[in-house]
Amino acid sequence: MPRLLLAEETAPTAGNCILFFLEGGPMKRGLVYGTSDSTGAYPASMPVTPEDVTATIFRALGVPPETRIYDQSGRPHTLAPGTPIMDLFA
C-alpha cells in the first residue's frame, strides 16, 4: 500500500502511476487498462507515458496526433509525440 506522507514531509512532484478516466466518443466502456505493483507505486503491466495519453485524447477527438504545428519562430513540433493507446478504442 502506498505510504501516506505527514504534513511536514515533502510530497513527490510526480508518481510513477496515475489514474485517469476517458469516457464517451469512441472509447470502450468499462475498461481497466494496465495494473500496478502491489504497493501502487510502479506499473506492473502495460505502462504508458503522458505523451501516449495526450495522443490518445487527440485521436479520440479526431485530430491526428502526428499533426505538425509551428511556433511563433516557425519551428515545427509534433502535436502529440506519443502513441495512441489503441486498446482503449471501441
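The values are calculated or read from the model by the stated rules, or taken from the named source; none is laboratory data. Model, not experiment: these values are computed from the prediction. As a convention, Cβ positions derive from the backbone with ideal geometry for all residues, glycine included, and neighbour counts pool all protein chains shown.
Key figures for this structure:
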| item | result |
| --- | --- |
| Residues of segment 35-65 satisfying the condition of being at pLDDT 90 or above, assigned to a loop (DSSP other than H, G, I, E, B) and more than 28 Å from His77 (Cβ to Cβ) | none |
| Cβ-Cβ under 7 Å pairs, at least 6 apart or on other chains, segment 38-59 side closer than 23 Å to Pro26 by Cα, far side in a helix (DSSP H, G or I) and not β-branched (Val, Ile, Thr) | Thr56/Leu88 |
| Conditions (1) exposed (fewer than 10 other Cβ atoms within 10 Å of the Cβ); (2) modelled with pLDDT under 95: number failed by Met86 | (2) |
| Candidate set: segment 57-83, residues that are of a type in the set (Lys, Arg) and out of contact with any His (no Cβ under 9 Å at 6 or more places or on another chain); chosen: the one surrounded by the fewest Cβ atoms within 10 Å (Cβ to Cβ) | Arg75 |
| Neighbours by Cβ (under 6 Å, 6+ apart or cross-chain): first from segment 67-90, more than 22 Å from Thr49 (Cβ to Cβ); second of a type outside the set (A, V, I, L, M) | Tyr70/Pro76; Ala90/Pro26; Ala90/Lys28 |
| Filtered residues of segment 66-90 (kept if part of a loop (DSSP other than H, G, I, E, B) and β-branched (Val, Ile, Thr)) | Thr67, Thr83, Ile85 |
